[in-house]
Amino acid sequence: MLLQAVSVGVAAVETYAIAGVVFAAVFLTWGIAQVDPRVAGAPWTLRVLILPGIVALWPLFARRWASGASAPIEDNPHRARARRAAFGASRPAGGGR
């Protein structure tokens, strides 16, 4: 019983990994430039570096590619502070550094 459950689990992980490799091959060839145009002119070594991440997270990339979404805009406290500094806004009330 336990051996069957483990076999099913291993088969599921293998299927997920194979689907990820197939998706990554297609995505890194045609799709990545649509999702993030900055990667279009990048060397092939970048694609090799991001291959494991694409294989592991392929459902997320597939959804993003299918939705036609553009590159995400990073928004974090550091960028917000840089924007405020660049546009001359005053510091928020309550201090900060």
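Could you identify which residue out of Ile32, Ile54, Ile73 has the top mean-square fluctuation in a GNM of the chain using Cα springs shorter than 10 Å?
Ile73
I want the local charge near Val55. Using Cβ-Cβ distances under 13 Å, sum +1 for each Lys or Arg and -1 for each Asp or Glu among the other residues.
Net charge in that neighbourhood comes out at 0.
Which residue fluctuates the most in the chain, going by a Gaussian network model with Cα springs under 10 Å, if the choices are Arg79, Arg64, Arg38?
With Cα springs under 10 Å in the chain, the top fluctuation among Arg79, Arg64, Arg38 is at Arg79.
Taking the Cα centre of region 2-86 as the origin and placing charges on Cβ (Lys, Arg +1; Asp, Glu -1), which of Val39, Ala5, Gly20 is farthest toward the positive end of the dipole?
Highest projection toward the positive end goes to Val39.
When the helices in the chain are scored as -39500 (n - 2.57) per DSSP H run of 4 or longer and the sum is shared across all residues, what 222 nm value do you end up with, to the nearest 500 deg cm²/dmol? Mind showing how you got there, number by number?
Details: 5 runs with 62 residues, N = 97.
Dividing the helical sum by the residues of the chain leaves -20000 deg cm²/dmol.
Over its Cα atoms, what ratio of radius of gyration to 2.2 N^0.38 Å does the chain give?
1.63
Using DSSP to call loops (not H, G, I, E or B), can you name the chymotrypsin sites (Phe, Trp or Tyr not before Pro) in region 1-87 whose Cβ has at most 12 other Cβ atoms within 10 angstrom?
Numbers: sites: Tyr16, Phe23, Phe27, Trp30, Trp44, Phe61, Trp65, Phe87; in loops: Phe87.
Passing both the DSSP loop test and the Cβ count: Phe87.
We did not get these values from a lab; they are worked out from the coordinates using the rules stated. Only a predicted model underlies this, so the values are computations on that prediction, with no experimental measurement involved. Please note: Cβ atoms are built from the backbone with ideal geometry, for glycine as well, and neighbour counts cover all protein chains shown.
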